[in-house]
Every structure is written in C-alpha cells, then in structure tokens.
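No lab work stands behind these numbers, since they all come straight from the coordinates. What you see is a predicted model; the values in this text were computed from it and never measured. Positions of Cβ are generated from backbone atoms using ideal geometry, with glycine treated the same way; all protein chains shown enter the neighbour counts.
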Number of protein chains: 2
Amino acid sequence: MINLMIVDDHALVRKGIILLLENYQDVKVVAESGDGHEAIKLVMKHEPDIVLLDISMPNGLDGFSTARQLMQSQPDIKVILLTMHDEEVYIRKAIQTGAHGYILKKSKGSDLYEAIYEVYHGRRFYKVHISDEQLEKMFREEKAPSSVLTMREQEIVRLTVLGYTNKEIAEKLNISIKTVENHKSNIMHKLDLHSKHELIQYGINNHYIKG
Amino acid sequence: MINLMIVDDHALVRKGIILLLENYQDVKVVAESGDGHEAIKLVMKHEPDIVLLDISMPNGLDGFSTARQLMQSQPDIKVILLTMHDEEVYIRKAIQTGAHGYILKKSKGSDLYEAIYEVYHGRRFYKVHISDEQLEKMFREEKAPSSVLTMREQEIVRLTVLGYTNKEIAEKLNISIKTVENHKSNIMHKLDLHSKHELIQYGINNHYIKG
DNA sequence: ACCAATATAGGGGCAACCCCCTATATCAAA
DNA sequence: TTTGATATAGGGGGTTGCCCCTATATTGGT
C-alpha cells in the first residue's frame, strides 16, 4: 500500500486526483492540504510515502520551497510535483529542487498512477514534452550548472522585457549604460539569441514577468 | 434536475468537479470535454442547461471564444466560466462575453453548487474578489463601450510588447516604418502614456500576450 | 598561483527609435 | 457636406540601442 498526501490550493484539483486514483487499490490518500505550511505539519503526523505537490501555491510557500523543506525534515519522503507548466524553466527548477517526479495537470489517471508507482519504487518520473535526451542533458547540467544566466543577467532580462530602456535600467541598478549593454550582449550570446524579440519572447516564455 | 456539461483541458479538474458535485442530487453531469471544439459538438448532442467552461484552454479556442460560439448556436444555454484568474481583465472579458457566471478554481463545492443553482434560475453569479459596486460598474460600462484602441493599434501594441522593432512590424503588416511610428505615437496619446515601458506594461496588464 | 566567470566601464559607428511637423485617401456620422 | 477618425506615408533632427573592440577588480575553483 502506497500512502499518498496531496497538496494543492485548489480543492477541485485535490478531489479530482482522489477520484482518478480510486481505480488503483494499492494507493491510499492519507492526507490532503491546501497550503505548504499546513502540509509540512501534516507530513509529520501522517508520514506519507509520497507527497503530490502543486507548484503554484499562495502565501510565499510554493511547491519548490515546500518540497525542499519536506525533504529536509523527512529525508525518505518522495516528492512528485504537479503543475500546469510544461516549460523548461519549471522543469529545471524541479530538477534543482530534487523532485522525484514531475507530471502535468492535464495528465490522465494512468499517468498519475504510473508516476506514483515508479517514484515509490525509487525511480525518477518526469512526464514532459521535451525529449529524453534533453531531459538527461538537464539532469547532467544540474551537476555542473553553467549555461544559465547569473542573477544580474536575470535582472537585466526582467527589466528589458518590461520595456525599460538601457538608460532606465542603468539608473535603477545604479550602474553605467555601458554595463547594461554588456550584460545584454552576454545574455544574447549565452542564450544564442539574435534579435530583440527573441530575447523578449525568451523572457515571456520563461516567466520573467508575473509569477 | 440540472444538466451540466464540464469543459476543461485538465482531466483532474473535471473529475474534481464531478466529485464535489456528488453531494448535490439535483445536478447531473451529462457530458465532459477537454477542448472547445469538441465541446461545441457535445452541446448539440446532450443539450445541457449549463456549461462549466474553463478559460485557459489550448488550440486557439479558449473559454471566451468557446462561450461565444456556444451561446450563438444555443441561445438558451447558460455559461459559467471557471478560472484560476481573479483579475479584473478576465472579469471584464467575461462580462463582455456575456457569461452568466464566473467562479474561481479555488472555490469550495458549495460555491460551485450555488453558482449552478443561481445561474440555472436566471440570475447572474460572479464570485470574485472585487466589490459588488465595482462589479456593477463594470457591467454598466460594458453597455457603453469606449474601448479606445483600434484593431490596427491593438496589433501594433501586441507586436511591440513581443519585442518586435518598428521595422519588423512594418514588414509583418506590409506598411511603412513611418506608419508604425505614427500608430505608436497615436497610441501613446490615446492612453496618456509617456514612455516605452508604460506601453509595454499596459500591454502586459491588458493581456496583449498569451491568453 | 593561475584561469575562468562575473561585474563593472568606456570608445566609436551605424542603425533604429522617437517626436515634431505635413499630407493624402477613405469612410461614417453629424 | 463638412468634420472627425482611421490608415497610410514622408522630412528632419536629436536620442538611444546595438555591436565591435578594450580594460579592470573580484571571486571561486584546479
């Protein structure tokens, strides 16, 4: 019997998961919660094998942070992240966080069960749109992170996407326009982008704005 | 007996709704669908009283468009929009679309039932964070639309937010750079904006990108 | 102790942007 | 019918962005 806990701020989704899992007799939902803080307490009490964790949750404690805290306090626990976002940034963050599984909310019940089954038996389960090779690459890169943007560069991207001019960015960050230009240029090279709209669209797709 | 159809691209959410509504014997789910195109066909077949419609759906046919089409083909049908977004723009769009109800995914089962019950009996049901007075105002404003930007101007805003240069926009729309500049200038005056980032942020806040 | 990455800053030059004008054709409304 | 809104296009000029360089200080890793 696999003991499961569900954490999602939408009651609808929690109930949906329960209904989808009713067909699988070896899975039992022992607890459910609508926020990360409560989840951390409930894990102590119910000691589930696996926590199904929504990424987007309110009150400052999102799925990633909750996952990290859970895994620190209960090292044997397995975490499966559940999300709407089939995007590279989120997958990377899940890998960084050390999540055992990653599945999408649009998944069928069988995928959900498969994820639970595989993760319970110690295997990794990431069901995403990108290819296995790319995924492997991302896991490898996580051990040697290099290709990502630095904090400063991320800040530059964010402000650029929001439409600030180099001058305005320079003023906001108290640096020279030339430094801003250099950062931008470095970002373009790192990401192999060749035009302004590619940079903007990278920023939008990777949620440099809202969320 | 109220016949209900559920349209949401996430199976999880559909099942969750079904489970939450099991407590209410006067509601029956007669059909469910994962996309808008299929939903339109299913409505013909099952003739539900109310369609519960998720706003964010793929394949170009989101909840708003689906709602419009459904209400055109079946004028008696009631539509309740279901969404994660408790934001003014979405609420405005729902009002424009003529949705009978608007509830959030984080709602409890009782809210969901209340929405269905009220809408079935010909009343409007918008359960959102903003005050009733504001909501009334938005309904009133909808009858006297003074939607500022023209189609062409909206297109210019959209492409600008996405980071295209004036030159690129001109090429895309087969017009001169000068025309693009003029449009931009007119937009800035109309909206009383005074910098590029204000325009971009107007575009982002008013969902000129994704959604 | 050295090398790579990061963050900072500048020069020069060309392209693009932004803002001030003017100007035309169309179309709908007063 | 005249006016106003829309869509188109151009001239001129000042500002900014983008890209090619070079350069320095700091930090962390082999």
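Overview of values
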| item | result |
| --- | --- |
| FRET efficiency, A:Glu22 to B:Ser110 (Cβ-Cβ, R0 35 Å, nearest 0.05) | 0.95 |
| Order of A:His10, B:His189 under a 10 Å beta carbon neighbour criterion, fewest first | B:His189, A:His10 |
| Sum of -39500 (n - 2.57) over DSSP H runs of 4+, divided by residues of chain A (222 nm, nearest 500) | -16000 deg cm²/dmol |
| Virtual spin-label span in nm between A:Leu61 and A:Thr179, 7 Å along Cα→Cβ | 3.7 nm |
| Zone residues, region B:18-48, relative to B:Arg158, backbone N less than 20 Å from point 7 Å out along Cα-to-Cβ | B:36-37 |
| Mean Cα-pair separation over length for chain B, i.e. relative contact order, pairs under 8 Å, 6 or more apart, % | 14 percent |
| Total formal charge among the other residues, if their Cβ is under 13 angstrom from that of B:Glu114, Lys/Arg +1 and Asp/Glu -1 | +1 |
| Region B:2-143 - convex hull of alpha carbons, volume per residue in Å³ | 99 Å³ |
| Copy-to-copy label separations for A:Gln96, where each label sits 7 Å from Cα toward Cβ, in nm and ascending | 3.6 |
| Label geometry 7 Å along the beta-carbon vector: B:Arg158 inter-copy distances in nm | 2.9 |
| Net charge over other residues, Cβ less than 15 angstrom from the Cβ of B:Glu155 (K, R count +1; D, E count -1) | +1 |
| Scaled radius of gyration (Cα, divided by 2.2 N^0.38 Å) that the protein assembly as shown gives | 1.08 |
| Cα long-axis angle, helix B:177-191 against chain B (0 to 90 degrees, to the nearest 10) | 60 degrees |
| Separation of alpha-carbon centers, region A:1-36 and region A:49-92, rounded to whole Å | 15 Å |
| Degrees between helix B:196-205 axis and first principal axis of chain B (Cα, 0 to 90, nearest 10) | 10 degrees |
| Helix B:63-73 vs. chain B, principal-axis angle (Cα, 0 to 90°, nearest 10) | 70 degrees |
| Pairwise label distance in nanometres, B:Gln69 with A:Thr150, each label 7 Å out on the Cα-Cβ vector | 5.0 nm |
| Whole-number percent relative contact order across region A:94-211, with pairs defined as alpha carbons under 8 Å at least 6 apart | 22 percent |
| Nearest-first distances (nm) between copies at B:Ser195, label 7 Å from Cα via Cβ | 2.7 |
| Spacing of the two label points (7 Å from each Cα toward its C-beta) at B:Arg123 and B:Met1, in nm | 2.5 nm |
| Burial ranking of peptide ranges B:131-137, B:36-42, B:118-124 (average Cβ count within 10 Å, highest at the top) | B:36-42, B:118-124, B:131-137 |
| Pairs of Cα atoms farther than 15 Å apart, region B:151-205, % | 38 percent |
